[in-house]
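K.L.:
Let me give you the structure first, and then I'll get to my questions.
The values are calculated or read from the model by the stated rules, or taken from the named source; none is laboratory data. These numbers come from a predicted model, not from an experiment. Cβ placement follows ideal geometry from the backbone for every residue including glycine, while neighbour counts extend to all protein chains displayed.
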């Protein structure tokens, strides 16, 4: 009994140790770059914590390009886009979840297929369409291709289907209109799913790169991911300063946002399952 | 009294009253309209345009045909991109999923610092691809990169891992696995938590060891999640090419190019729209096939009708 008990304890402890080791290795690259970004270049790679701390790297890189502008652009893009996607997605999801209409099955299949084909991969064609709409080099031009999100429709529809029928019937009896029922019954009941979608949308569009790179030309419209790319790998060669501070600038805000809302974030990603 | 006046004075409900008289099917179509317009304009229409453009002759005046596709198949860079993409899928997807499963099993138990360990595994999945790329550019850098210091400690020569055709792909695969595994860990974690505890308890009572329990209980029950994650991971390996822009520009000598990068390069750098459209159509076809497989899986998991 006791021998077996101690053996189990030892195996458990080893398992925990192994987990810690793997977790440490996994986070090490990020932690290391963050560490180096606050160190003087000459001692950036040493582990001596008593000297060499500085903000110079960040200041240098920050001043090398209009990053303030890039941040504002990214913020406008991700917030505006999440709001638009939610409005359009909620309306469509409501149609699918509550009403019978001719063509419903076919339309839903159409939405499902779009889950895989991101507009961003149809680079040249969408470049032409968006340019023809006069939106080249604008923030709406970046967002418009994703404004109708198949993923939003799918996710919100799944949530809407769980809304109790009794609530809907009660509201009908009270004479609420169809949009009234959407607003006062469906949306309040599924708030957390919609919030989950918002988090995923914000983080994925904060991270988008290739499409904004193509559809923008000047700092007035570029998001931070595109703005930073030039400083990360300049023709003049890599420097510790540019790389480490550049990384902080591009991952910093989203990372902080994520650490604050980490529980919600992880739940949202699990719920989505089909990003 | 003008229409405007009455409009302002009437309560909102009366204003919207005509909406209430629209029959349900028409109402449903109306509220679907913005989504349908958006999805068509930026997915279906460009797809159709792409197919049309890809069928144009390579030179002006040439009749329509499959010339661009022949050019594509004959293009060694396209072959490299396709082979690279397939290699990426074949190597990174199983490794990512296996690591994700291991991580999920590890952090599914109770121990001190469990939340921190989960966070450590998941955080890379949150980073922008550009950010992950810059982190690994730092790690791989020949002069000050940690990886090279490690190689030196092991008695190997320093080398520019991203600058050699033989090492650039494995080096990029590491980045991909590092970035993706955390996300799939979350999927597995959710699935693990839905496995009834009695199953494992019964197995423990029967004297089954940890590895045996994993092989006979956990792994089979995670199979649906694995299938699902597999599709997402393969699709991701075709879609995520951002790190090439920061890390290698497809080089050295196109050794690390991937299909989507090749499309970008031919469309926006070499200005060969017809050719780029052919490669686009090819890539979209792959993704549509993956979508169909995914829908069948979804169909089994949740009844979407």
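K.L.:
Out of all the residues in the range B:217-230, is one or more under 30 Å from residue B:70 (Cα atoms), in a helix (DSSP H, G or I) and touching a residue at least 60 places away in the same chain (Cβ under 8 Å)?
P.N.:
no
K.L.:
Would you call residue A:184 in a helix (DSSP H, G or I), within 30 Å of residue B:123 (Cα to Cα) and either at the interface with chain B (Cβ under 9 Å from one of its Cβ atoms) or in contact with a helix residue (DSSP H, G or I) (Cβ under 9 Å, 6 or more places away or on another chain) (or both)?
P.N.:
no
K.L.:
Moving on to the next point. Hey, can you tell me all the residues within the range A:118-138 that are under 10 Å from residue B:42 (Cα atoms) and outside any helix (DSSP H, G or I)?
P.N.:
A:118, A:122 - these are the residues of the range A:118-138 that are under 10 Å from residue B:42 (Cα atoms) and outside any helix (DSSP H, G or I).
K.L.:
Got at least one residue in the range B:159-181 being at pLDDT 85 or above, away from every other protein chain (no Cβ under 11 Å) and farther than 24 Å from residue B:84 by Cα?
P.N.:
Within the range B:159-181, not a single residue is at pLDDT 85 or above, away from every other protein chain (no Cβ under 11 Å) and farther than 24 Å from residue B:84 by Cα.
K.L.:
Inspect all residues belonging to the range B:59-82 and state whether any of them is within 13 Å of chain A (Cβ to nearest Cβ), part of a loop (DSSP other than H, G, I, E, B) and at pLDDT below 90.
P.N.:
No, there is no match, as no residue in the range B:59-82 is within 13 Å of chain A (Cβ to nearest Cβ), part of a loop (DSSP other than H, G, I, E, B) and at pLDDT below 90.
K.L.:
Scan the range B:183-203 for residues that are at pLDDT below 80, in contact with a helix residue (DSSP H, G or I) (Cβ under 9 Å, 6 or more places away or on another chain) and under 18 Å from residue A:12 (Cβ atoms) and report the count.
P.N.:
Result for the range B:183-203: 1.
K.L.:
Of the residues B:284, B:204, B:241, which single one is within 30 Å of residue A:231 (Cβ to Cβ) and within 11 Å of chain A (Cβ to nearest Cβ)?
P.N.:
Sole residue among the options that is within 30 Å of residue A:231 (Cβ to Cβ) and within 11 Å of chain A (Cβ to nearest Cβ): B:241.
K.L.:
Provide a single number: the residues in the range A:103-127 that are modelled with pLDDT under 80 and more than 7 Å from chain B (Cβ to nearest Cβ).
P.N.:
1
K.L.:
When you check residue A:31 against the structure, is it within 26 Å of residue A:225 (Cα to Cα) and assigned to a helix (DSSP H, G or I), yes or no?
P.N.:
So residue A:31 passes the test.
Yes/no per residue for (1) under 27 Å from residue A:124 (Cβ atoms); (2) touching a strand residue (DSSP E or B) at 6+ places or on another chain (Cβ under 8 Å); (3) in contact (Cβ under 8 Å) with a residue 24 or more places away in the chain; (4) not in a loop (DSSP other than H, G, I, E, B):
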| position | (1), (2), (3), (4) |
| --- | --- |
| A:193 | no, no, yes, yes |
| A:217 | yes, no, yes, no |
| A:227 | yes, no, yes, yes |
| A:247 | no, no, yes, yes |
